[in-house]
1. Whenever you get a sec, compute what percent of the accessible area on the chain sits on carbon and sulfur atoms (1.4 Å probe).
2. Give, in nm to one decimal, the length gained when the segment between ILE327 and HIS356 is fully stretched (0.36 nm per residue of separation minus the Cα-Cα distance).
3. Would you mind checking segment 106-122 for residues with the amide N under 15 Å from a putative spin-label position 7 Å along Cα→C-beta of LYS61?
4. Would you work out the Kirkwood radius for segment 198-342? I mean one over the mean of 1/r across all pairs of different Cα atoms, in Å.
5. Report the extension gain between ASP260 and ASP276 in nm, rounded to one decimal, defined as 0.36 nm multiplied by the number of residues separating them, less their alpha carbon distance.
6. What spacing in nm lies between the two simple spin-label points modelled at ASN407 and TYR442, each 7 Å away from Cα in the Cβ direction?
7. Taking the dipole about the Cα centre of the chain, with the C-beta of Lys and Arg at +1 and of Asp and Glu at -1, give me whichever of TYR385, ILE448, ILE460 is farthest to the positive side.
8. Could you work out how much longer the chain between ASN292 and ASP484 gets when fully extended? Use 0.36 nm per residue separation minus the Cα distance between them, nm to one decimal.
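The values are calculated or read from the model by the stated rules, or taken from the named source; none is laboratory data. This one's a predicted model, so the numbers in the text were calculated from it and none came from an experiment. Positions of Cβ are generated from backbone atoms using ideal geometry, with glycine treated the same way; all protein chains shown enter the neighbour counts. Each accessible area value is taken on the protein alone, full model and side chains, heavy atoms only, with ligands, DNA and RNA left out. Shrake-Rupley method; radii C 1.70, N 1.55, O 1.52, S 1.80 Å.
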Amino acid sequence: MIKYIKQLINNRRKMHIAVILCLLVIYSSAQAWVQQKNQQNPNLTVQAPKTPQQPAQKNGKKLIVIKKASILEQREGFEPQILKDSVVLLHDGIVMYCDSAYLDEAANRFDAFGTIEVIQGDTLFLYGSYLQYEGDIQLLKVRNNVRLVNKDVTLFTDSLDYDRIGNIGYYFDGGMLVDSVNELTSYWGQYEPAKNLALFKDSARLTNPKFVMYTDTLLYNTENKIATILGPTRIESDSATIYSTKGWYNTNTEQSLLLDQSRIVNKEGYRTLTGDSILYHKKEGYGEVFGNMHLQDTIKKIILTGHYGLYNELTDYAMATDSALAIEYSQADSLFLHADTLQIFTDSIYKQVKAHQGVRFFRVDVQGVCDSLQFNSRDSTLYMYKNPILWNENHQILGDTIQVFFNDSTVDWSHIWPNAFAIEDKDSVHYNQVKGKDMKAYFDNKNIRHILVSGNAESIFYPEEEDKTMIGMNQTESSFLSMDFKERKIEKIKMWPKATGKMTPLADLKPDVGKLNNFMWYDYLRPLDRHDVFRQVQRKAGWDPNKRRSNRSMPAD
């Protein structure tokens with residue numbers, strides 16, 4: 001239009017000035033209308049500049065390609081190209097969106113600003129406010145409001161470096177990873193989407209609706225939801241607290257394998273389970289222990305150990321085998337009980353202990369052996385079955401079954417039936433003896449005070465002068481018999497309704513007399529101390545009068 005006006009003027013055609021002014025007004029109005037339309041819809045008039053065709057590779061390395069940019073500028077003295085408005089860049093399989101960018105084609109790198117979005121494949125998305133990308137080494141550095149999304153996993157942080165070659169992203173100023181089950185936070189962390197692995201270090205925490213895990217170092221599988229424990233770890237739940245330094249925990253099934261003497265402590269803190277390896281099933285409430293099991297209840301005052309065991313926190317059931325040992329320490333003198341297999345059943349008030357095969361126990365005031373044993377705290381009663389033998393000081397009691405009644409964990413009295421036999425060792429040559437079908441032995445201050453025998457009562461005892469010189473051997477038979485003891489010596493014997501007997505002077509005693517039928521002195525079986533309960537010893541046939549307690553060897557610690 002202007003060119004046309006100038007031509008009219010140059011050709012010196014005569015035209016009224018009003019016509020020229022009208023044309024100028026029309027042109028100005030048209031320009032204003034075009035600008036208004038461009039503001040309403042820039043795409044109607046503004047098009048991306050035509051850029052020269054970019055090579056795909058240079059020196060064997062793939063180059064960053066401009067897919068789209070509404071404005072492309074090249075400033076004097078500023079090497080990178082300036083890309084503005086709806087910028088889209090491509091490089092080796094990824095698409096990168098941003099509001100604006102500086103592209104340095106020579107260095108094969110760019111800086112992106114605004115709303116950043118990086119897409120790799122159809123599952124990996126990366127968002128942020130600033131992005132620096134090195135094309136040659138394929139390193140993405142994203143800053144501010146960063147989100148890395150891979151399927152159902154989202155990583156939040158403010159600073160993330162993502163190595164495309166190693167396919168690994170890592171943060172170093174705090175971050176949080178969230179999936180469908182857990183939320184994990186730490187100061188430093190890395191995430192490998194292809195391997196579904198995330199590593200967290202420095203104040204790491206895993207939060208689950210049912211528990212919280214605090215640790216120094218944690219490896220987490222986002223696919224199977226298994227957390228691998230790599231350092232000192234504490235797991236807190238509504239039922240227990242776990243302490244471990246090595247192992248794994250399935251956050252989906254709540255099963256775990258805890259290694260290196262891990263501990264499980266109940267919520268109230270009075271019951272602790274420790275072991276070399278603990279296979280823990282939290283939903284079912286039980287732990288299976290392999291190696292150096294140690295279960296302690298500080299309220300019920302009992303410890304259970306063994307090289308293999310089970311514990312159910314829901315039913316309060318415990319079992320130990322392979323060098324199994326139960327320690328009851330409610331009194332000043334602890335009871336040490338060993339058997340091939342030990343079981344403990346407990347409720348809120350009472351406990352029941354069962355021992356099977358090779359039972360041996362020791363306490364200062366009482367020792368015993370048998371094939372199987374059961375103790376009930378409800379009635380404070382101990383049952384011994386199959387070849388049971390009970391010792392107290394220099395007394396031995398045996399029979400087919402022995403029942404021991406406790407009063408405040410101290411032996412009160414015992415019941416032996418049938419084939420009851422009680423023996424008192426006087427000098428390892430002479431023995432006071434009493435036997436019968438049924439026997440009750442009563443204790444006072446941890447010593448035998450009274451014995452009552454019912455049915456076919458027989459006895460042999462050696463009365464003494466005041467100077468404790470033995471007079472001879474007194475042998476009796478009756479239906480019932482009772483003995484009273486004082487200061488560990490027989491004080492009085494009573495027999496009824498009828499009794500027969502004889503007194504033989506000590507000088508007239510022959511070597512083959514002095515023992516009731518089926519007399520056996522099993523002192524060599526007797527546990528000597530807490531360690532001796534593990535000693536394995538076979539029961540001998542017949543009686544060995546030369547066996548002395550001092551001849552028994554102490555087991556090695």
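1. For the chain, the apolar C and S fraction of the accessible surface comes to 50 percent.
2. Between ILE327 and HIS356, full extension yields 8.9 nm more.
3. 106-111
4. When all Cα pairs of segment 198-342 are included, the Kirkwood radius is 15.7 Å.
5. Value of the extension gain: 5.3 nm.
6. Output for this residue pair reads 0.9 nm.
7. Selected residue: TYR385.
8. Result for the pair: 64.5 nm of gain on full extension.
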